[in-house]
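Peer 1: Got a structure for you, questions after.
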Amino acid sequence: MRVSFLGLGAIGTPMAARLAERYQLTVWNRTTARSRDFAAEHPARVAATPREAAAGAEVVITCLPTSADVEHLLDGPDGLEGGLERGALFLDCTSGDAATSRRIAARLTPRGVAFADAPVSGGTNGAAAGILTVMVGGDEAVFRRAVPVLQAFGKRIVHMGPLGTGDAMKAVNNTLLGVNILALAEGLTGLVKAGVNPRLAVETLNASSGRSFVSETLIPERVLPGTWPVTFRLALLDKDVGICLGQLRELGIPAPLLERAGELLHQARVALGEAADYLEPIRLQERRTGVEIRG
Ligand code: NDP
């Protein structure tokens, strides 16, 4: 099967690498050097434009920062829309927003192209291991077509409901992730300042009811040893929280805690810059308090 992948970023690259093992893969990236590097390492053809990537593809997958970026990719003489063929399946793995996903679908459906939002969770390591969770929004028939392809990098592939529900699910998930990061930064710096050994604090938490993915995996792997790799930009997490808060406001759901978390994450993004990793708000708290969570 001919599959095209557009967006060889931090998570897109390992996802595309898994597709290259199974399918006849074409890749496109805005910065061409990245797609050339990819094709030097994996069996893949490099497309010069989004249009060229889409031409002849049975399945097209995008993974860009925002839905707006994906929508813009459709436009113009070299755009994706011009290359997409009738009968093609278009899966957007961007952590996007429901309104834009619905607009993209409305534009492509009359052209005979099936579309679903299919954001992923599980990080860059999860993508490389093929164990991502994929949250799909779209028609049941489109979901069924998508599953075998998504299995290249996904383990749990969930049909959330109609178009946009994958985006909605992902935005709430990441907002809860952000809340956990901020809460652990405050709680753990407090415990260390109170004289508790940081590793012991984390181990005890992880054997108790306050534990989370952040405390069980991210803090032991990155914060305690002080490695701070950049795998998921804080700017993207801030974008996800913005999508979630927009959804909640639109639905009339009061969310004072999540709104405050959104403000704090946005402030951290401004303080740390666009390249910072999503765990770095913990570092900011360490700097503010003069306490390090190491051990
Ligand atoms: P990166 O910032 O690492 O990469 C972004 C990719 O999108 C690059 O290939 C970049 O191209 C391309 N790009 C950026 N802007 C545009 C544009 N306007 N037009 C075309 N291409 C563009 O992001 P990630 O790979 O980390 O994230 C991609 C998506 O996946 C985001 O929605 C993110 O929220 C989500 N995600 C990320 C996870 C992670 O662990 N990193 C986990 C789960 C979801 P170029 O090389 O030219 O800069």
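Peer 1: Which numbered condition in (1) in contact (Cβ under 8 Å) with a residue 12 or more places away in the chain; (2) closer than 21 Å to Thr124 by Cα; (3) within 14 Å of the ligand (Cβ to nearest atom) is the only one that Val46 fails?
Peer 2: The one condition Val46 does not meet is (2).
Peer 1: Does any residue in segment 113-129 that is closer than 30 Å to Gly82 by Cβ come within less than 6 Å, Cβ to Cβ, of a residue that is more than 6 Å from the ligand (Cβ to nearest atom) and polar (S, T, N, Q) six or more places away or on a different chain, and which pairs are these?
Peer 2: The qualifying pairs are Asp117/Ser101.
Peer 1: Moving on. Quick one: how many residues across segment 220-238 are in a loop (DSSP other than H, G, I, E, B) and away from the ligand (no atom under 16 Å from the Cβ)?
Peer 2: 3
Peer 1: Give me the helices (runs of 4 or more DSSP H) completely within segment 119-219, filtered to those with at least 2 residues that are away from the ligand (no atom under 13 Å from the Cβ) and either out of contact with any Gly (no Cβ under 6 Å at 6 or more places or on another chain) or closer than 21 Å to Glu280 by Cα (or both), ordered by residue number.
Peer 2: 140-150, 165-193, 198-206
Peer 1: Restricting attention to segment 57-70, and to residues there that are within 10 Å of the ligand (Cβ to nearest atom) and surrounded by 19 or more Cβ atoms within 10 Å (Cβ to Cβ), which single residue is nearest to Ala235 (Cα to Cα)?
Peer 2: Leu64
Peer 1: What number goes with the only condition from (1) within 11 Å of the ligand (Cβ to nearest atom); (2) more than 14 Å from the chain's Cα centre (by Cα) that Ile104 does not pass?
Peer 2: (1)
Peer 1: Another one. From the list Arg294, Arg222, exactly one residue is farther than 12 Å from Ile181 by Cβ, out of contact with any strand residue (DSSP E or B) (no Cβ under 8 Å at 6 or more places or on another chain) and of a type in the set (Lys, Arg). Which is it? Outline the logic, then answer.
Peer 2: Working: Arg222 fails: farther than 12 Å from Ile181 by Cβ.
After ruling out the rest, the residue left standing is Arg294.
Peer 1: Please find, among Leu132, Leu163, the residue that is aliphatic (A, V, I, L, M), touching a residue at least 40 places away in the same chain (Cβ under 8 Å), under 17 Å from Leu19 (Cβ atoms) and out of contact with any His (no Cβ under 8 Å at 6 or more places or on another chain).
Peer 2: Going through Leu132, Leu163 in turn, just one is aliphatic (A, V, I, L, M), touching a residue at least 40 places away in the same chain (Cβ under 8 Å), under 17 Å from Leu19 (Cβ atoms) and out of contact with any His (no Cβ under 8 Å at 6 or more places or on another chain): Leu132.
Peer 1: Taking segment 173-206 on its own, how many of its residues are crowded, with 19+ Cβ neighbours inside 10 Å and closer than 17 Å to Leu132 by Cα?
Peer 2: Number of matching residues: 2.
Peer 1: Residues to consider are Ala33, Ala17, Ala40, Ala53; find the one that is within 14 Å of the ligand (Cβ to nearest atom) and open to solvent by 30 Å² or more (accessible area, probe 1.4 Å).
Peer 2: None of the others qualify; the one that does is Ala33.
The values are calculated or read from the model by the stated rules, or taken from the named source; none is laboratory data. These figures come from a predicted structure and were not determined experimentally. Backbone-built Cβ (ideal geometry, glycine too); neighbour counts: all protein chains shown. What goes into the accessible areas is simple: the full protein's heavy atoms, side chains included, and nothing from ligands, DNA or RNA. Shrake-Rupley method; radii C 1.70, N 1.55, O 1.52, S 1.80 Å.
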